[in-house]
Every structure is written in C-alpha cells, then in structure tokens.
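These notes concern the structure reproduced below.
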C-alpha cells in the first residue's frame, strides 16, 4: 500500500515517531534509520534524505537537541540527539492528541463496519 | 566517490554558512556510520539520491528555495549578454556608416593603389559583429534555460 493517502499518514506521524524514538534514549542518525527499518516496516524504507531534514526541523523548533561525541572510527564524530524539555512537553501533547484522534477515527470506522454487517 | 558526492552537495547547497557546515558534517557521518555497518558508499549514495536532489530537499526543510541563486545568475548573465550584444551592434553600425573605402589611406577622398594590410586577418568591425551575434545566442540560451527552470 503506497497510495497518496497512506503517504499523508506517514508524513504526518513521522515527527511524532522520531520524537518518541529520541525520547526513549539518546540516539544517533544511523541508529534511528536502522531502528525504523527494523521495527516499522509498515512505514516503508527509511532514508537519511527523509529523516535528516525532519531532524533539522525539530532541532530548529527546539524540540530536540544534539551533542557531538567523538566516534571511535576514523576520528570522526557522532551526533547524539535527545529531547529538550519543550520537546518532552510537545510529545506529551501529541500523544494525548493521538489517543483522542485514533478514538475518533476508530469511532467512524466502527459505525461503518456495523452498518456493513447489518446490511 | 564519497568525497565527490560531498563536494557536489557543498556546491549545490544554498544555505547559511553555519547550516551548510552542519549538513555537510552530518552527511559525512551518514557515510561513516553506514560504512561501519558494512554498507558500501554506492549503497549510501543510492539511498541519498543525486547530490542535487539531496541538496534541494534539505534546503527545502530550511525553508529555502535552493534554485533561487541559480535563477538570479541566469537572469544576470542574460542581461549582461544582451548589453554586450547591443554595444557590439551599435559599434558595428557606426563603423559601417562612416566606412572609408577599402584600401584608402588617411581617409583620402580618392582611392589609392596602396594596399594596407590590417593588423588582423579580417576587419575589426566583423569581429565586433561576431561578438554581438555570439552574445545574442548566449543570451537566448540563458533566457530559455532560466525560464525552463522556473517552470519546473
């Protein structure tokens, strides 16, 4: 399933998923990508080109912060992301909204399915 | 391959210096992390898309139209080319209008039999005309290119 309606869902929820992921524990780019690809295959294949831009936006909105830590390999550095207090707050709100949102959508689906059964 | 890719993105990416530095650093980390986990540079590049695609979508997230400076450059170079063409044609036209008969010396009224070899193999005015024509062609190419990019 990869039509434009599904695309819209994914687009809208990816920020929340990333906030949850980062809120769980401090994490870095590649870990985020592999995590998404291992446990969220319904979202489709995660690419850096999609994830990094969202990380930039979340960072600009001050929902996440990052620190650079030297990486073992070839003297490079790794960027570790974590939630800011503001990010935690926003995520809480989003979680609450998501709960009532899915309730609402499920309600419509349930009435539709009941009608279909009684017909 | 990785160096080339990053270099190309550096060229294409239109962001403030600090934002650009950040994106390029992250890009480097993307490559290093992926290689660490046994991926090849080719695999990473396939995932990232062309340097231009990557730059455009990244700049978009920063709210910047990545093609803006390219557009501006196109417009500026077309205007310059048109001005050069106009100047060249004006010079050519004035040169033509008070043209002295071929082979005349010191603007004498009558023809002489003395042949004067010019410094150039052909007439200077012809060179100017050629410059004008080249400038017009260049301007047209630039205008077409710029407007086509706008539409995309």
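Can you name the condition, by its number, that residue B:21 falls short on among (1) surrounded by fewer than 16 Cβ atoms within 10 Å (Cβ to Cβ); (2) modelled with pLDDT under 90; (3) at the interface with chain A (Cβ under 8 Å from one of its Cβ atoms)? Residue B:21 satisfies every listed condition except (3). Are any of the residues in the stretch B:41-53 touching a helix residue (DSSP H, G or I) at 6+ places or on another chain (Cβ under 8 Å), surrounded by fewer than 15 Cβ atoms within 10 Å (Cβ to Cβ), within 11 Å of chain A (Cβ to nearest Cβ) and more than 30 Å from residue B:134 (Cα to Cα)? Yes; the residues of the stretch B:41-53 include at least one that is touching a helix residue (DSSP H, G or I) at 6+ places or on another chain (Cβ under 8 Å), surrounded by fewer than 15 Cβ atoms within 10 Å (Cβ to Cβ), within 11 Å of chain A (Cβ to nearest Cβ) and more than 30 Å from residue B:134 (Cα to Cα).
All of B:28, B:66, B:98 fail the test of being modelled with pLDDT under 85 and within 14 Å of chain A (Cβ to nearest Cβ), apart from B:66. When the stretch A:5-31 is filtered for residues that are within 10 Å of the chain's Cα centre (by Cα), in contact (Cβ under 8 Å) with a residue 12 or more places away in the chain and within 14 Å of another protein chain (Cβ to nearest Cβ), the ones remaining, listed by number, are A:14, A:15, A:18. For the stretch B:1-18, a residue qualifies if it is surrounded by 15 or more Cβ atoms within 10 Å (Cβ to Cβ) and farther than 24 Å from residue A:59 by Cα, and the qualifying residues are B:2, B:5, B:8.
Here is a check on your reading of the model: is residue A:54 under 23 Å from residue B:9 (Cα atoms) and either in contact (Cβ under 8 Å) with a residue 24 or more places away in the chain or more than 13 Å from the chain's Cα centre (by Cα) (or both)? Against the criterion (under 23 Å from residue B:9 (Cα atoms) and either in contact (Cβ under 8 Å) with a residue 24 or more places away in the chain or more than 13 Å from the chain's Cα centre (by Cα) (or both)), residue A:54 qualifies.
The values are calculated or read from the model by the stated rules, or taken from the named source; none is laboratory data. Bear in mind the structure is a predicted one, so any value in this text is a computation, not a measurement. Please note: Cβ atoms are built from the backbone with ideal geometry, for glycine as well, and neighbour counts cover all protein chains shown.
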